[in-house]
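Asks: Below you will find the structure I want to go over with you.
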Amino acid sequence: MELGLTGKVAIVGGASRGIGKAIALALAQEGCHVAICARGKSDLEATAEEIRSQTGARVLPAVCDMSSYKDIQALVRRTAETFGRIDIVVNNAGGPPVGTFDDFSEEEWQKAVDQNFLSAVRTIRQALPHLRKQGGRIINITSVAVKQPIDSLILSNSVRMGVVGMAKTLSREVAKDGITVNNICPGNIATQRLLSLFEARAQREGRPFQEVLKEEESRTPTGFLGEPADIAALVVFLASEKARYISGATIQVDGGSTTAVF
Ligand code: NAD
């Protein structure tokens with residue numbers, strides 16, 4: 001299928017590893033130039049080199065804390081200066097910590113809002129003038145928690161709903177500019193972060209890691225955990241010309257785990 005992505009320029013947040021890295025790699029494989037960001041320089045540069053050597057794409061590694069507006073402004077400015085255009089924005093960052101209402105202070109709530117809600121608002125605000133020149137794609141990585149809140153993830157359950165509300169409204173406002181806005185909701189995706197959460201649980205419960213892993217796999221109707229590439233495949237399609245009529249959607253990639261209908 002010709003996806004029409006050759007020569008397009010994408011910004012991918014939180015992309016030194018995990019889901020963001022897989023997204024940047026997949027877009028680069030389809031012919032995009034990519035700006036990738038994370039807070040740590042050395043991992044980010046190693047990832048950029050890996051993507052360059054596997055795909056031949058131009059990759060800009062931009063150190064950026066997605067919870068800082070100043071960093072986001074610099075990221076978008078550098079991307080436009082380096083590549084001359086911006087077509088695709090993938091909003092992604094590390095997830096907020098696990099915990100219940102009583103666990104979190106004012107500062108921790110504010111950090112979750114900055115990192116997982118305002119990061120998307122701010123990146124979009126900075127990138128929109130560029131996207132409006134030729135049309136574009138905005139894709140927000142959220143969580144199945146927006147369809148089915150997950151116990152002990154109150155920060156994620158709360159702030160990600162803001163992203164979905166913003167994206168739905170924005171999708172209707174920017175459709176006339178040829179811009180689509182969609183959300184992807186990962187279920188259990190076997191990244192380093194998820195596996196370390198399983199490891200911590202195994203230790204807490206005094207059980208072998210493999211037992212916890214098997215339990216999680218068997219909870220998923222497909223019987224296996226997703227890979228970051230499973231999320232990247234949907235990003236590539238939503239970013240493509242073929243997805244021009246899909247906007248304002250919130251789509252889970254979760255092996256069938258979500259029991260809610262919508
Ligand atoms: P991860 O921790 O493996 O990778 C996160 C990436 O973002 C890393 O490159 C990290 O350096 C970077 N990052 C973290 N905080 C950042 C910040 N403030 N600024 C810039 N970069 C930052 O995580 P992942 O598993 O790939 O998950 C990505 C997103 O998807 C997270 O928000 C996560 O909560 C969400 N999610 C993941 C799963 C899953 O099963 N893996 C499920 C649902 C939702």
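Asks: Could you tell me which residue of region 42-93 is surrounded by the most Cβ atoms within 10 Å (Cβ to Cβ), considering only residues that are within 12 Å of the ligand (Cβ to nearest atom) and among the β-branched types (Val, Ile, Thr)?
Replies: Out of the qualifying residues, it is 90.
Asks: Still on this structure, I have one more. Yes or no: region 134-144 includes at least one residue that is under 19 Å from residue 181 (Cα atoms), at pLDDT 95 or above and surrounded by fewer than 18 Cβ atoms within 10 Å (Cβ to Cβ).
Replies: The first filter runs over region 134-144 and keeps only residues under 19 Å from residue 181 (Cα atoms), leaving 134-144.
If we keep only those that are at pLDDT 95 or above as well, we get 134-144.
If we keep only those that are surrounded by fewer than 18 Cβ atoms within 10 Å (Cβ to Cβ) as well, we get 134-135.
Yes, that holds for at least one residue.
Asks: Would you say residue 68 is in the same structural domain as residue 28 (by TED's automatic domain parsing) and modelled with pLDDT under 95?
Replies: Details: in the same structural domain as residue 28 (by TED's automatic domain parsing): yes; modelled with pLDDT under 95: no.
Against the criterion (in the same structural domain as residue 28 (by TED's automatic domain parsing) and modelled with pLDDT under 95), residue 68 does not qualify.
Asks: Only one of 8, 21 is more than 13 Å from the ligand (Cβ to nearest atom), of a type in the set (Lys, Arg) and at pLDDT 95 or above; which?
Replies: 8
Asks: Quick test for you: out of 187, 255, pick the one residue that is in contact (Cβ under 8 Å) with a residue 40 or more places away in the chain, over 18 Å from residue 88 (Cα atoms) and under 16 Å from the mean Cα position of the chain (by Cα).
Replies: Numbers: 255 fails: under 16 Å from the mean Cα position of the chain (by Cα).
Only one candidate qualifies: 187.
Asks: Additional query: Of the conditions (1) free of Cβ contacts under 8 Å to residues at least 40 places away in the same chain; (2) away from the ligand (no atom under 16 Å from the Cβ); (3) polar (S, T, N, Q); (4) assigned by TED's automatic domain parsing to the domain that holds residue 114, residue 240 fails just one. Which one is it?
Replies: Here residue 240 clears every test but (1).
Asks: Among (1) away from the ligand (no atom under 12 Å from the Cβ); (2) closer than 25 Å to residue 186 by Cα; (3) among the hydroxyl-bearing types (Ser, Thr, Tyr), there is one condition residue 16 misses while meeting the rest; what is its number?
Replies: With (1) away from the ligand (no atom under 12 Å from the Cβ); (2) closer than 25 Å to residue 186 by Cα; (3) among the hydroxyl-bearing types (Ser, Thr, Tyr) applied to residue 16, the lone miss is (1).
Asks: Examine region 25-37 for a residue that is within 14 Å of the ligand (Cβ to nearest atom), crowded, with 16+ Cβ neighbours inside 10 Å and over 20 Å from residue 120 (Cα atoms), and state whether such a residue exists.
Replies: Yes.
Asks: Anything in region 22-78 that is assigned to a helix (DSSP H, G or I), within 17 Å of residue 90 (Cα to Cα) and among the basic types (Lys, Arg)? List them, or say none.
Replies: Within region 22-78, 77, 78 qualify.
Asks: From the list 152, 158, which one is surrounded by fewer than 23 Cβ atoms within 10 Å (Cβ to Cβ), within 23 Å of residue 95 (Cβ to Cβ) and out of contact with any strand residue (DSSP E or B) (no Cβ under 8 Å at 6 or more places or on another chain)? Don't jump to the end; show me each part of the working.
Replies: On the way: 152 fails: out of contact with any strand residue (DSSP E or B) (no Cβ under 8 Å at 6 or more places or on another chain).
Matching residue, one of 152, 158: 158.
Asks: For region 79-114, what are the residues that are in a strand (DSSP E or B) and in contact with a strand residue (DSSP E or B) (Cβ under 6 Å, 6 or more places away or on another chain)?
Replies: The initial filter retains those residues of region 79-114 that are in a strand (DSSP E or B), namely 88-91, 99.
Result: 88, 89, 90, 91.
Asks: Quick one: which residue in 222, 259, 180, 169 is surrounded by 15 or more Cβ atoms within 10 Å (Cβ to Cβ) and either polar (S, T, N, Q) or outside the structural domain of residue 29 (by TED's automatic domain parsing) (or both)? It would help to see each step written out before you state the result.
Replies: Working: 222 fails: surrounded by 15 or more Cβ atoms within 10 Å (Cβ to Cβ); 259 fails: surrounded by 15 or more Cβ atoms within 10 Å (Cβ to Cβ); 169 fails: surrounded by 15 or more Cβ atoms within 10 Å (Cβ to Cβ).
Testing whether each residue is surrounded by 15 or more Cβ atoms within 10 Å (Cβ to Cβ) and either polar (S, T, N, Q) or outside the structural domain of residue 29 (by TED's automatic domain parsing) (or both) leaves just 180.
Asks: Mind checking which helices (runs of 4 or more DSSP H) fall wholly inside region 165-240 and carry at least 2 residues that are in contact with a strand residue (DSSP E or B) (Cβ under 7 Å, 6 or more places away or on another chain) and modelled with pLDDT under 95?
Replies: none
Asks: While we're here: So which pairs qualify, if the first residue must be in region 2-22 and of a type in the set (Ser, Thr, Tyr), the second must be in a loop (DSSP other than H, G, I, E, B), the Cβ gap must be under 9 Å, and the two must be at least 6 apart or on different chains?
Replies: Pairs found: 6/30; 6/31; 6/32; 16/39; 16/40.
Asks: Checking the conditions here, which among 189, 139 is touching a Gly at 6+ places or on another chain (Cβ under 8 Å) and within 14 Å of the ligand (Cβ to nearest atom)? Step through it out loud before you land on a result.
Replies: Numbers: 139 fails: touching a Gly at 6+ places or on another chain (Cβ under 8 Å).
Unique residue meeting the criteria: 189.
Asks: Further question: Looking at the structure I just gave you, is residue 7 surrounded by 24 or more Cβ atoms within 10 Å (Cβ to Cβ) and not in a helix (DSSP H, G or I)? It would help to see each step written out before you state the result.
Replies: Values: surrounded by 24 or more Cβ atoms within 10 Å (Cβ to Cβ): no; not in a helix (DSSP H, G or I): yes.
No, not satisfied.
The values are calculated or read from the model by the stated rules, or taken from the named source; none is laboratory data. Just so you know, these numbers come straight off a predicted model, no measurement behind them. Note: ideal-geometry Cβ built from the backbone for every residue, glycine included; neighbour counts use all protein chains shown.
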